[in-house]
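The values are calculated or read from the model by the stated rules, or taken from the named source; none is laboratory data. Fair warning: this is a prediction, and the values are worked out from it, not measured in the lab. A quick note on method: Cβ atoms are made from the backbone with ideal geometry, for glycine too, and the neighbour counts reach across all protein chains shown. The protein model used for the area step is the full one, side chains on, heavy atoms only, and it has no ligands, DNA or RNA in it. Shrake-Rupley method; radii C 1.70, N 1.55, O 1.52, S 1.80 Å.
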Amino acid sequence: MLLPSGARAEGGDAPRILVIGDSLLAWHSSSGRSVADRLEHLLGQPVQDRSVSAARMIYHLPISGAVGLAIPKQFRDGDWDWVVVNGGGNDLWLGCGCNRCDRKLNRLLSKSADKGAIHKLVSRIRDSGAKVLWLGYLRSPGFDTPIESCKDDGDILEARIATLAEAEGGVFFQSITDLVPPGDRSFHAADRIHPSMKASDAIARRLARVIRAN
């Protein structure tokens with residue numbers, strides 16, 4: 001669970017798309033049905049996946065951080081055209097319990113969207129020449145989940161990321177707040193937190209549309 005998924009394709013051209021982040025992206029990698037797997041299939045080109053379940057944007061332990069629990073360390077310079085990223089949810093849920101998280105929100109990304117760990121990572125990726133496609137999180141309209149208390153903080157964080165994307169060239173934000181129809185549990189795994197295979201496919205389709213259009 002704590003190891004990166006690795007390349008999604010074997011042989012052929014070197015991957016030009018990198019996927020980094022937490023379990024939203026890493027889920028189903030062992031069965032070949034993760035978001036990165038589906039994105040590779042839809043685009044018809046290899047995708048390198050370094051996403052890791054339980055990864056955080058702000059993570060200070062050196063050894064486990066180096067193997068992927070620190071999302072910024074998942075990114076390494078390369079000949080990338082696109083870097084697909086998500087993150088911040090575990091920082092809020094595990095870091096402050098989604099309760100009085102103003103300080104953690106600001107450390108992730110300031111209100112002005114020009115400071116914080118997310119801004120730093122996005123700037124680093126853009127400096128490498130790659131475009132950034134930041135993915136938001138699933139919502140659960142019409143039913144409760146173990147992370148329901150995170151909704152308000154998640155909305156704030158994603159609004160800030162959207163502001164960052166509007167201000168920075170080559171940065172795109174893909175929201176999936178409207179992906180799940182009210183009361184439909186088929187987009188979530190049994191834990192009501194992670195994406196089902198159906199959701200991973202639907203998410204990949206939205207990401208593929210952005211990449212194709214830009």
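Summary of values
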read-out	value
Of 64, 23, 31, the one that fluctuates the most in a GNM where the chain has Cα springs shorter than 10 Å	31
Cα shape, segment 52-99, gyration tensor, a/c 1.5 rule	oblate
In nm, spacing of pseudo-spin labels at residue 185 and residue 110 (7 Å Cα→C-beta vector)	4.4
Proximal lysines relative to residue 120, as straight alpha-carbon distance under 28 Å, when same-chain residues fewer than 8 apart are discounted	73, 104, 111, 131, 151
Surface/4 estimate of mean projected area, convex hull on alpha-carbon atoms of segment 54-136, nm²	5.5
Residue with peak Gaussian network fluctuation, the chain [Cα springs, cutoff 10 Å], from 116, 169, 89	169
Simple spin-label estimate for residue 209 and residue 175 in nanometres, 7 Å along Cα-Cβ	1.4
Debye-sum result for segment 92-214 in log10 I(q)/I(0), which assumes one identical scatterer on each alpha carbon, at q = 0.23 Å⁻¹	-1.33
Share of carbon and sulfur in the accessible heavy-atom surface of segment 65-214 [1.4 Å probe, %]	50
Average accessible area per residue (Å²) across the chain - probe 1.4 Å, nucleic acids and ligands excluded	46
Over 18 Å [Cα-Cα, segment 152-214], rounded percent	48
Principal axes of the chain: Cα extent on each, largest first, Å	48, 37, 36
Largest-first principal axis extents of the Cα set of segment 128-171 (Å)	40, 16, 15
